[in-house]
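A short write-up of the structure that comes next.
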Amino acid sequence: MKRPIIVAFLSLTIAGNASTQGEKAASPAGKAAEGETFGTFTQQLDGQHDFDFEIGTWKTHLWRLIDPLTGSTKWVEYEGTSIVRQIWNGRANLLELVADGPAGHFEGLDLRLYNRQSRQWNLNFASSSGTLSPPTIGEFKNGRGEFFSQETLNGRAIFVRFVILDITPNSCRFEQAFSDDGGKSWEVNWIAIDTRVKDEAGKAPSVGVPSGADSGHGKAKTQTSGTEHDGRHDFDFNIGTWKTHVSRLLDPLTESSAWVEYEGTSVVRNVWNGHASLFELDVDGAVGHIEGVGLRLYNSKSRQWTLNWANSHDGALTQPMVGGFKNRRGEFFDQESFNRRTIFARNSFSDITPGSSRFEQAFSNDGGKTWETNWVMTFTRAK
C-alpha cells in the first residue's frame, strides 16, 4: 500500500487495462483453444495466463535433499496438499502448500505476480515462519517454466533455479536446483509431483470470496498463553469483503493540498489459520483504476508482521513494512526512496470495530519528527 508504487501505476495501468480489453486466454499448451483468435502478435506472447493450468487442488508428493551442495545423498519425503487460487483474473495467483513426513510438518506459500512490461513472472515464496525469500524471476517457453534468483546458502552466494515441467491437465512436476559455480552445473534439491484432486478438475477457485469458516467478522481469536502478546491473529478483524473508500494526496511532501477519491471493494482472506493473510484492493476514481494485492506475514520469533504490497501493473513486491499491533492499533514502518530522497514511511490501522476500520499511510522527511498523511482508506463490511 505504499504510494511510490501507486503513483507510477495509476497512469500506466489505465492504458494497460485498455490494451487488454477482450483478450482471451491461451490454453495451457500455449496454443489458441478452438475458436480463439489473437488480434496481434503481442497477445500471442502475453504470458499472463501461463499458470491457469495449476488453478485448483492437488495431491503433492515431495522429495527434499538434506544439506544441499555438501555432497549429501540423503533425501526425505513428504505427502500433502497444494491449493492454487487465481488473483487478478490470472495475472497473479497464490499457492498454499501443507505437507507432512518423517522429517516433520511443512507449510509454505508462493505468491506469483505477472509483470506485463517484461512479460516475466515473479515467484515469491514464504515459509510459515514468516520469512519471504528473494523472488525467482522467469517465464514459460514451450510448456516449461524456468525461474532464477541469486541467494545465500551457508554464507555463500549461489544461483537458484526453479523449473515447472511435465505439465498436463491433471499433473505437473516442480524442481529446485542450486549452483555454486555460476550456473555451469546444477544440483537438484527439491522435487514435487502434483496430481489434481479429481473433483477439482475444471474448477478455478479464486481468491476474493472468503468462506464463512474464515470470515471472522471481527472476532479476535483466543491468544495463546504467555506473558508476551501473540499477534498471529491481529488481522482477524480484517478478514472478509469490504466496501472501500480511498483518499489519496497528490504530490506528497510538496505542500500539496489536492486530494483524489476512489470507491471500490477490498477482500481479505485468511492464510495459515490467521498467521498470514492476503489483501486485494480494486477501486476506481476520476483519475483512474487501482488494483493491488498485499501479503501479510507473521514472524512468530520477532512477533512482528511484514506487509508486502504489489500492484497489477509491474507485478513485483515492494520493500516490506514491519511492525505490529498494540491496544487495537497497528503501526508498520520502513525506510525507502521517494522522489530521489530517502524518507520514512508509516502504515497504520485504527478505529477497528467488527464492521469498520481505517487505514492511513504517512511519509516523513525529517527522521520521523513530523508526518504527512497521503493515503486514507475507510472500510465498511460488506459481508
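Residues that are outside any strand (DSSP E or B) and over 22 Å from the mean Cα position of the chain (by Cα): does the range 348-355 have at least one? The answer is yes; a qualifying residue exists.
Of the residues ALA126, ALA103, which is loosely packed, with under 15 Cβ neighbours inside 10 Å, on the phi < 0 side of the Ramachandran plot and among the hydrophobic types (A, V, I, L, M, F, W, C)? I'd like the intermediate steps shown before the answer.
Working: ALA126 fails: loosely packed, with under 15 Cβ neighbours inside 10 Å.
Step by step, each of ALA126, ALA103 is checked, and only ALA103 is loosely packed, with under 15 Cβ neighbours inside 10 Å, on the phi < 0 side of the Ramachandran plot and among the hydrophobic types (A, V, I, L, M, F, W, C).
Within the range 127-183, track down each residue that is of a type in the set (Gly, Ala, Ser), over 20 Å from the mean Cα position of the chain (by Cα) and in a loop (DSSP other than H, G, I, E, B).
So the first thing to find is which residues in the range 127-183 are of a type in the set (Gly, Ala, Ser), and the list is 127-130, 133, 138, 143, 145, 149, 155, 157, 171, 177, 179, 182-183.
So of that shortlist, the ones also over 20 Å from the mean Cα position of the chain (by Cα) come out as 143, 155, 157, 171, 177, 179, 182-183.
GLY143, GLY155, GLY182, GLY183, listed by residue number.
Condition test on THR131, is it β-branched (Val, Ile, Thr) and closer than 18 Å to TRP190 by Cα? No. Looking at GLU79, GLU23, GLU34, which is the one that is acidic (Asp, Glu), loosely packed, with under 15 Cβ neighbours inside 10 Å and at pLDDT below 95? It is GLU34.
Quick one: which residue in ALA286, ALA345 is surrounded by 17 or more Cβ atoms within 10 Å (Cβ to Cβ) and farther than 25 Å from LEU109 by Cα?
None of the other options fit; the residue is ALA345.
State whether the residues of the range 321-333 include one that is buried (at least 18 other Cβ atoms within 10 Å of the Cβ) and of a type in the set (Lys, Arg). So far as the range 321-333 goes, no, none of its residues is buried (at least 18 other Cβ atoms within 10 Å of the Cβ) and of a type in the set (Lys, Arg). Of everything in the range 110-119 that is touching a residue at least 40 places away in the same chain (Cβ under 8 Å) and part of a strand (DSSP E or B), the residue that is surrounded by the fewest Cβ atoms within 10 Å (Cβ to Cβ) is ASN115.
Filtering the range 281-317 to residues that are within 21 Å of VAL260 (Cα to Cα) and small (Gly, Ala, Ser) leaves GLY285, ALA286, GLY288, GLY292, ALA310, SER312.
For first residues located in the range 344-367 and β-branched (Val, Ile, Thr), partners that are at pLDDT 95 or above and not in a strand (DSSP E or B) and lie 6+ apart or on another chain with Cβ distances below 9 Å form the pairs ILE352/PHE237; ILE352/ASN238; THR353/PHE237.
The values are calculated or read from the model by the stated rules, or taken from the named source; none is laboratory data. What you see is a predicted model; the values in this text were computed from it and never measured. Because the Cβ atoms are built from the backbone with ideal geometry, glycine has one as well, and the counts that use them run over all protein chains shown.
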